[in-house]
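Engineer: There's a structure below that I have some questions on.
The values are calculated or read from the model by the stated rules, or taken from the named source; none is laboratory data. Computed from a predicted model, the values in this text were never measured in an experiment. In this analysis, Cβ positions are derived from the backbone assuming ideal geometry, glycine residues included, and neighbour counts consider all displayed protein chains. Heads up: the accessible areas ignore ligands, DNA and RNA and are worked out on the full protein's heavy atoms, side chains in. Shrake-Rupley method; radii C 1.70, N 1.55, O 1.52, S 1.80 Å.
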Amino acid sequence: RLYKESNLIISRKIKLALKYNINPILCIGETEEVKLQGTTSKFLKNQVLTSLPKDIDTTKVIIGYEPVWAIGTGATPEKTYLA
């Protein structure tokens, strides 16, 4: 978000990292606005599906979750499940 990178740019970076045998970490998380709308699961699922290239070995990618609204606040998110 800070660097204004789209999911497409992230997808390209993941593919490039894997090309050079680097195991990338895909960081996902929702904003407070998304949380308040109650669409966290849908948002995160979309982030994952549009950020991961379709033709890669996903076992080589680590996915980290931290909601944007919690960064630096000390707030702890509830469990979130991708449906």
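Engineer: Scan the stretch 30-51 residue by residue and report those that are aliphatic (A, V, I, L, M), open to solvent by 50 Å² or more (accessible area, probe 1.4 Å) and over 12 Å from Pro67 (Cβ atoms).
Structural biologist: Matches in the stretch 30-51: Leu49 only.
Engineer: Next question. Can you name the residue in the stretch 14-29 that is farther than 14 Å from Thr59 by Cβ and under 12 Å from the mean Cα position of the chain (by Cα) and is also most open to solvent (accessible area, probe 1.4 Å) among such residues?
Structural biologist: Within the stretch 14-29, the match that is most open to solvent (accessible area, probe 1.4 Å) is Cys27.
Engineer: On to the next question. If you go through the stretch 5-58 one residue at a time, how many are hydroxyl-bearing (Ser, Thr, Tyr), at pLDDT 95 or above and not in a loop (DSSP other than H, G, I, E, B)?
Structural biologist: Number of matching residues: 3.
Engineer: Now a separate question. Restricting attention to the stretch 59-79, report how many residues are assigned to a loop (DSSP other than H, G, I, E, B) and open to solvent by less than 30 Å² (accessible area, probe 1.4 Å).
Structural biologist: Number satisfying all stated conditions: 2.
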